[in-house]
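Remarks on the structure that follows.
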């Protein structure tokens with residue numbers, strides 16, 4: 001099996017932080033101990049990748065007898081496999097794979113606000129044939145976990161239990177494994193009575209506990225993020241602040257670390273950090289050699305592309321009944337047609353207004369008005385929008401992929417001041433993508449990203465059904481619809497959490513995806529637009545615009561005179577600029593999809609295209625993406641396309 005090496009998106013920050021990403025080359029000496037760590041993270045119920053993962057795991061095990069298989073959390077939520085089976089399919093295949101340990105991700109707690117609470121998580125834990133580790137998670141306040149949690153670091157562990165850390169004996173050597181879960185979890189999930197302590201203190205306790213038992217090879221299995229906000233936690237800060245951790249197997253930030261990041265501690269001994277992207281796309285492999293003192297003397301790491309592997313037939317057969325049911329759900333039509341692609345792409349919904357965000361909040365507001373006619377505004381967090389919906393017939397499966405958490409409707413009574421505070425929080429991280437970025441209905445606002453956080457929002461107004469706008473009055477009270485996750489203070493909305501604690505939030509129920517289906521079915525066809533509900537207005541300054549540089553290249557300058565990179569909408573057209581500011585023309589691949597830009601103007605093309613170079617015919621969707629493979633109905637005619645996008649004769 002050949003490995004695909006992926007450039008790390010985090011590599012650029014390593015040197016600035018005192019890290020290295022150059023693999024060690026020291027030769028193993030007599031008495032050294034070799035260990036191979038296979039790892040996954042943030043698979044988010046993409047169980048369809050597991051049969052191929054199994055093939056790679058078995059090959060590595062046959063070549064490296066001293067091995068571990070670890071998962072860094074967020075197995076829950078993300079696909080219809082979870083919506084329908086609540087972790088059952090993932091657990092069955094993970095048990096077959098023989099995982100050695102898993103830690104909890106924040107999404108393992110997503111069902112906490114349901115009537116059953118964490119029942120499915122409890123069943124997932126108790127049904128596992130491997131242990132769970134987390135040194136900073138306390139389940140004692142939730143009776144569903146009675147008898148499952150053991151606050152010890154021990155070699156006497158078993159599957160189906162939760163431990164602070166475990167000691168695994170491999171070829172006569174002891175390896176300590178402890179877990180950490182992000183302290184941000186209460187803000188971004190539905191934790192109920194589960195609590196989380198400081199990760200640095202918990203990690204130091206773990207290292208000390210292992211050392212006291214003579215364990216000098218220590219692995220931290222973490223879901224705190226490689227480069228997550230230092231306000232909460234991340235793996236780099238963990239490596240800097242806690243000596244004695246040899247390996248950090250991480251998750252949470254979905255980072256593709258094709259080469260290990262390495263930090264030298266105060267004893268000049270390395271801490272090796274790995275993370276394997278997301279959705280089961282890769283199986284990570286880290287090979288390390290320890291000397292007789294437990295220090296790492298050499299290491300190398302890689303990411304195996306699971307899509308390039310053959311599926312294990314036994315695993316595929318076990319998965320098939322689950323897949324059959326998922327396909328049934330995916331094919332059930334809502335009876336509604338989308339006249340355009342509904343944009344739920346992660347970078348978009350976490351930074352700007354999208355047509356899908358507008359449609360979701362419109363539906364939420366419409367439902368809330370049937371319960372409380374005084375409701376005038378609806379808000380929903382971008383982090384709760386997980387996928388786009390293609391142009392054409394909308395299926396139930398597509399909707400559930402967009403809103404996999406099943407969050408229910410809540411109606412809040414808020415002051416104008418609280419609403420304005422929430423809007424400030426929504427855009428506080430901009431331009432960094434944030435799951436807390438709010439999409440809105442029944443209102444509009446502008447913000448200036450050049451101003452300090454907390455002072456960015458202006459021209460915030462309620463928009464009546466007649467289209468008239470009224471400035472939000474800080475002293476007035478408003479009824480505002482949202483989802484229960486946000487209403488309880490999720491994503492850091494403390495002002496909403498306070499309203500909830502004071503009894504100013506009603507919970508009429510109705511799952512988000514059900515409300516959405518009801519709403520779009522009332523419309524029959526949907527063609528939502530980006531309307532200017534949320535406007536980025538940096539001081540009202542206009543961009544400088546198009547310019548020809550000294551080298552003759554055409555570029556576009558923002559209002560500061562900086563060259564624009566990435567996507568740009570200008571003059572009623574869409575353009576794309578290389579990271580060096582060059583305007584792209586012709587075929588261009590962006591985030592895995594092919595687009596075509598006019599050779600003269602650089603404008604993105606849509607619809608039918610005859611390539612001027614090869615004379616072949618292609619079809620470009622309204623978002624510019626090329627149809628590649630499969631069939632597509634256009635104007636009542638079904639067309640077939642090759643995998644390279646060419647129209648078949």
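Details
- Restricting 48, 110, 42 to those that are modelled with pLDDT of 95 or more, within 23 Å of residue 397 (Cα to Cα) and under 21 Å from the mean Cα position of the chain (by Cα) reduces the list to 48.
- Neighbours by Cβ (under 8 Å, 6+ apart or cross-chain): first from the range 568-596, on the phi > 0 side of the Ramachandran plot; second assigned to a loop (DSSP other than H, G, I, E, B) and surrounded by 13 or more Cβ atoms within 10 Å (Cβ to Cβ): 581/553; 581/564; 581/565
- The set of residues from the range 96-124 being farther than 18 Å from residue 221 by Cβ and outside any loop (DSSP other than H, G, I, E, B) comprises 96, 110, 111, 112, 113, 119, 120, 122, 123.
- Of the criteria (1) surrounded by fewer than 20 Cβ atoms within 10 Å (Cβ to Cβ); (2) modelled with pLDDT of 95 or more; (3) more than 28 Å from residue 58 (Cα to Cα), which one residue 155 fails: (3)
- Filter result for residue 499 (touching a residue at least 12 places away in the same chain (Cβ under 8 Å) and within 16 Å of residue 414 (Cα to Cα)): yes
- Among the residues listed as 433, 366, 378, the single one being touching a helix residue (DSSP H, G or I) at 6+ places or on another chain (Cβ under 6 Å) and under 20 Å from residue 254 (Cα atoms): 433
- Some residue of the range 355-363 being over 30 Å from residue 51 (Cα atoms), outside the structural domain of residue 635 (by TED's automatic domain parsing) and outside any helix (DSSP H, G or I): no
- Residue 336 touching a helix residue (DSSP H, G or I) at 6+ places or on another chain (Cβ under 8 Å), at pLDDT below 95 and surrounded by 14 or more Cβ atoms within 10 Å (Cβ to Cβ): no
- Exactly one residue out of 424, 413 is closer than 20 Å to residue 496 by Cα, touching a residue at least 60 places away in the same chain (Cβ under 8 Å) and not in a loop (DSSP other than H, G, I, E, B), and it is 413.
- Boolean, residue 90 is crowded, with 18+ Cβ neighbours inside 10 Å, in contact with a strand residue (DSSP E or B) (Cβ under 8 Å, 6 or more places away or on another chain) and not assigned by TED's automatic domain parsing to the domain that holds residue 486: no
- Condition broken by residue 167, with the remaining ones in (1) modelled with pLDDT under 95; (2) in contact with a strand residue (DSSP E or B) (Cβ under 9 Å, 6 or more places away or on another chain) satisfied: (1)
- The range 292-331: number of residues that are touching a strand residue (DSSP E or B) at 6+ places or on another chain (Cβ under 7 Å) and either surrounded by 12 or more Cβ atoms within 10 Å (Cβ to Cβ) or within 16 Å of residue 280 (Cα to Cα) (or both): 12
- On inspection, residue 202 fails the criterion of being over 30 Å from residue 116 (Cβ atoms), in contact (Cβ under 8 Å) with a residue 40 or more places away in the chain and surrounded by 19 or more Cβ atoms within 10 Å (Cβ to Cβ).
Residue-by-condition table, conditions (1) surrounded by 11 or more Cβ atoms within 10 Å (Cβ to Cβ); (2) outside any strand (DSSP E or B):
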| position | (1), (2) |
| --- | --- |
| 551 | no, yes |
| 587 | yes, no |
| 602 | yes, yes |
| 613 | no, yes |
| 624 | yes, yes |
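- Residue count for the range 445-487, restricted to those that are closer than 24 Å to residue 501 by Cβ and not in a loop (DSSP other than H, G, I, E, B): 11
- Subset of the range 491-505 [more than 24 Å from residue 370 (Cβ to Cβ) and either in a loop (DSSP other than H, G, I, E, B) or touching a strand residue (DSSP E or B) at 6+ places or on another chain (Cβ under 7 Å) (or both)]: 491, 493, 502
- Residue 370 being surrounded by fewer than 18 Cβ atoms within 10 Å (Cβ to Cβ), in contact with a strand residue (DSSP E or B) (Cβ under 7 Å, 6 or more places away or on another chain) and free of Cβ contacts under 8 Å to residues at least 60 places away in the same chain: no
The values are calculated or read from the model by the stated rules, or taken from the named source; none is laboratory data. Everything numeric here is computed off the predicted structure, so don't read it as measured data. When we count neighbours, we look across all protein chains shown, and the Cβ atoms used for this are built from the backbone with ideal geometry, even at glycine.
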